[in-house]
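See structure below.
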Amino acid sequence: MRLPLPILAAVAAALSWPLAALPAAGATQARVIVTFKADAPLARRMALDAGGTRETPDAGAAVAQASAERVSALGRRAGVALRAGGHVSERSQVFFARGVSAARLIARLAADNEVESVVIDRKRYRLAAPNDPLYAAGQPANPGPAVGQWYLRAPAGAVKSAINAEAAWDVTLGKSNVIVAVLDTGVRFDHADLAGKLLPGYDFVAADSDGSFSTANDGNGRDADASDPGDWVTAADISGDPDNFGTCSEESSSWHGTQTASIVAAATDNGIGMAGVGRNVRVLPLRVLGKCGGYDSDIQAAMRWAAGLSVPGVAANANKAAVINLSLGSEGACDGNYPEVIADVLAAGTAIVASAGNSAGHAVGTPANCAGVIAVGALRHIGTKVGFSDVGPQIAISAPGGNCVNIAVNEPCLYPITTALNSGVTTPVAGSSIYSDSFSNVAVGTSFSAPMVAGVAALMRSARPALLPGDLRSLLQATARPFPTTGAEAGTSACQAPSSVEQLECYCTTSTCGAGMLDAAAAVQAALAPVVARITVSPADPLAGDPVALSAAGSVLLSGRTIAAVKWTLTNGGGIVDGFVGGIDNALAASVVPTGDGSFAVSVTVTDDQGSSASTALTVTVGSAGGGGGSSSGGGGGAMGLVWLALLAAAAVAVARSNRRRFSPRRA
């Protein structure tokens, strides 16, 4: 019921509001919680009244009077008409204001010298799990896994690697203008659980070296149709066209792109199928893999296009991606054009997430091992490295990859990853909307760990659009949960550096599986922190002997705050850096002069004028003065090895046939 103006005027007078400052009906209302400093007069007055020590006939009336004095004084000094709300404690109280944004109200009130902090009084809701039937535990053994989508829930009991997505969704469900580009086999646009989640995308699978379209399997080359026609390989393909299919095995269609897209952003809380990590974010499907894999040229073109960069012959991308997911790869060092393409994509503001690989504990492959890429390893439900996952210092973080334990004939896989599929064995079945389960089409692999991280990165960008790829990486790593060191069978040891020997289940370390286990809720919360520290490096590709400038000026702060203090630390000189050049105390910039090629590591702690602080670390790779440059990243890189003269002729023939390297989807 709306009060008559005379009553409103009386209330305004009682609260020392000028009548002209009364808000118009229907104006937007800001609601904040103000905490006063312990020694503030407004806090002490309330403490006296609440304690009943003041000589008043009615303690309730005394508290009301103190509240009125508090709202009057605070509103007058801030120049805004306030209304008092409920108390949280003697020092904390809710205040309302109409006709002013929450951000502006916070800025005004926080400037008061009696105020310790001001935060939005956010509305919370009961935490209800999605109603997608495959999400919940206790489904029938066939078709749904008995544990449901175990990897999205909070870690509990034996399930230690779950990513706690439900708590992240309490902060943000994601925004539809935040886009994850899924570079894969294309997608099935007619899958019911991807309805409304897919942008048109593009098909980057070009013609074969002889001008045919055997690999593309769709009768044409690059076009605007990103649908997956199937990637099955037959014995006839292998024997009849060894140039294109000689390296592959006979297999049915994988529908791999549909699987990875559904992990990122399956339609959620729609009463059917499964839940996606990104909830409300959208997927840009880019087809780069055909029959028997795909090639560098197609993958790199799609990466550039996804980031909004130009690709000759392809119309400009109207839906720039915030994150690229690459659930693909092959063995070998990061070479060729990948360093340049990745640098361009990162500079455009698009993060890159890639699967570490599934060769059972060997070295991380390309492109996951390239500098700047967020490489993702795979975990069992108990948090140990799952047998198929590769290892190495290039891995940034690890996430559930599914694992089948206690497998025997007619027994289900106990901890698979749920994914969307098509029922077609070769060509797609129109309108088919099936899912991987515990008995058939079992989904395990680093292919399914990476899109979990990509989905969380998209939630982080939804929460704070200003975050850059390096910010996402550092926050994901900083909030990762520690790997467990117990819980596996007796005899399980720590993971070792990759070698020619396979490593199956082992206890992860930060040098083999990344910073820790993905924690979606902590990462999204960190994205909203008052300070996000950031280090920029100039030049981007430093050389030995040249000064390297480091800056924290690009750190992200809440509106209205400024940087008050900066502390630089040389965490590892790498034998090429002895210390910083010149004084760096509380300086936004620092510099070093590396004496040789190699790498060094620095960290910076940034503190704002409200006392909030954050830290970040960076490893900088330095090239030799007479060779190529280095790079700055938390990720690893690699250089192409020497080619023996005896192999030059064979290499020349291979280049003449195709200047592209074939990649495959990451499968266990």
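Details
- For Val386, the amide hydrogen comes within under 5 Å of the amide hydrogens of Ala378, Leu379, Arg380, counting only partners 5 or more places away or on other chains and with H modelled in the peptide plane.
- Heavy-atom accessible surface of region 447-582: percent carbon and sulfur, 1.4 Å: 55
- The packing ranking, built from the mean of other Cβ atoms within 10 Å per residue, places the peptides 162-171, 498-507 in the order 162-171, 498-507, highest first.
- Vicinal HN-Hα couplings computed from phi for region 429-440 (Karplus, 6.51 cos²θ - 1.76 cosθ + 1.60; Hz; Gly/Pro x): 8, 4, x, 5, 9, 10, 9, 5, 9, 8, 10, 9
- Spin-label pair Asp585-Ser624: with each label point 7 Å from Cα along the Cα-Cβ axis, the two points sit 4.1 nm from one another.
- For region 475-487, Karplus couplings with θ = phi - 60° (6.51, -1.76, 1.60), whole Hz, Gly/Pro x: 6, 4, 6, 5, 9, 5, 7, x, 5, x, 10, 9, x
- Carbon + sulfur, % of accessible area of region 351-392 - ligands and nucleic acids excluded, 1.4 Å: 58
- Long-range amide H partners of Ala564 with built H, under 5 Å: Thr607, Asp608, Asp609
- Sorted peptide list for 105-115, 484-494, criterion being average Cβ within 10 angstrom, highest first: 105-115, 484-494
- Two-site FRET efficiency, Ala207 against Ala360, from Cβ-Cβ distance with R₀ of 35 Å, rounded to 0.05: 0.50
- Nonlocal amide H pairs with Gly294, under 5 Å, H built at 1.01 Å: Phe663, Ser664
- Phe388 contributes about 30 Å² of solvent-accessible surface, heavy atoms of the protein only, 1.4 Å probe.
- Average accessible surface for region 411-570: 38 Å² per residue, computed with a 1.4 Å probe over protein heavy atoms with every protein chain in place.
- Residues Ser359, Ser209, Ser462, sorted by accessible area with the largest first, give Ser209, Ser359, Ser462 [1.4 Å probe; ligands and nucleic acids excluded].
- Packing-based ranking of 526-539, 255-268 yields 255-268, 526-539, ordered from highest to lowest mean Cβ neighbour count within 10 Å.
- Using a Förster distance of 22 Å, the FRET efficiency for Ala318-Phe189 (Cβ separation, nearest 0.05): 0.80
- Rounded FRET efficiency, nearest 0.05, which uses the C-beta distance separating Ala136 from Val425 and R0 of 35 Å: 0.75
- Spin-label model distance (nm) - Ser500 vs Asp578, 7 Å beyond Cα toward Cβ: 4.2
- What region 212-297 shows is 30 Å² of accessible area per residue, with the surface traced by a 1.4 Å probe over protein heavy atoms.
- The listed residues Val593, Val178, once ranked by accessible area (1.4 Å probe) with the largest placed first, stand as Val593, Val178.
The values are calculated or read from the model by the stated rules, or taken from the named source; none is laboratory data. Being a predicted model, the structure only gives us computed values, none of them experimental. Neighbour counts are summed over all protein chains in view; Cβ atoms, including those assigned to glycine, are modelled from backbone coordinates with ideal geometry. Calculation scope for accessible area: heavy atoms of the full protein, side chains included, ligands and nucleic acids excluded. Shrake-Rupley method; radii C 1.70, N 1.55, O 1.52, S 1.80 Å.
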